Amino acid sequence: MAASNSIFTAAPSRNLTCIALQQSPLLSHPLSRSSSVAFRPKRRSSSLVLCSTDESKSTAGKEIPIELRYEAFPTVMDINKIQEILPHRFPFLLVDRVIEYTAGVSAVAIKNVTINDNFFPGHFPERPIMPGVLMVEAMAQVGGIVMLQPEVGGSKTNFFFAGIDKVRFRKPVIAGDTLVMRMTLVKLQKRFGIAKMEGKAYVGSSVVCEGEFLMAMGKEE
């Protein structure tokens, strides 16, 4: 019986299957029964080895659980500190936590949008969507956290939302979303008590609202 021109080798392990394909130069002619051939391994082999292991599959399956995959937002100012700065109270305090603050420059804060918010029963009963005007109000309150600081000189009793411009609503915000708002001070005219700010609100990595804000400041009498 003539020998085959290919040699297939399978490893004995059940969890590892390897197929090696190698052309041997010694088997170019058929061999007789009496012929003997010495097989010597070569240092460099042109064989192709395909392996699949159950271990690699099990390793890929060991993923981090989703509840442990994402870190919580940091806390730079909690709700108690926010209430010391802003005059707003329930049901119109729309900032839950400040996660970044640069004095006199910017602030990033979050609003946890839940089905328990008092505006959802009417907006809308069948499809709870956060009203756009309340998104703008929440962003203005974040701007107030920047403006009502000693670095800027705003007054808690004489601070007003004076105007908005170029406001765009990109996507709806629904119950269960976390609204992340960044407000940045662009221009401050202390002489006239006017401040211009730029704001963007996000859900995840998507911009849901953006615009320019005008703040008016006064002095305590």
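The values are calculated or read from the model by the stated rules, or taken from the named source; none is laboratory data. No experiment lies behind these values; they were computed from the predicted model shown. Every residue, glycine among them, receives a Cβ derived from its backbone with ideal geometry; neighbour counts consider all protein chains shown. In case anyone asks, the SASA skips ligands and DNA or RNA and just uses the protein heavy atoms, side chains included. Shrake-Rupley method; radii C 1.70, N 1.55, O 1.52, S 1.80 Å.
What is the percent carbon and sulfur in the accessible area of the stretch 68-217, measuring with a 1.4 Å probe over the protein chains and ignoring ligands? Taking all protein chains in place, the stretch 68-217 shows 54 percent carbon and sulfur surface.
Using a probe radius of 1.4 Å on heavy atoms only, what accessible surface per residue do you get for the stretch 68-217? Whole Å² is fine. Mind dumping the intermediate values first?
Numbers: 8110 Å² over 150 residues.
Solvent-accessible surface per residue comes out at 54 Å².
Distance distribution note for the stretch 68-217: the fraction of Cα pairs above 22 angstrom is 37%. 3J(HN,Hα) couplings calculated from phi for the stretch 105-111 with the Karplus curve 6.51 cos²θ - 1.76 cosθ + 1.60 (θ = phi - 60°) are, in sequence order, 10, 7, 8, 10, 9, 10, 10 Hz; Gly and Pro show x.
Sorted from longest to shortest, the spans of the Cα atoms of the stretch 80-157 along the three principal axes equal 45, 22, 21 Å. Placing R0 at 25 angstrom, the Cβ-Cβ distance between PHE161 and ASN80 gives a FRET efficiency of 0.60 after rounding to 0.05.
Applying a 10 Å radius around every beta-carbon, put 132-141, 167-176 in order of their mean neighbour count, most first. Walk me through the numbers before you get to the answer.
Details: 132-141: 20.8, 167-176: 14.8.
The peptides rank, most packed first, as 132-141, 167-176.
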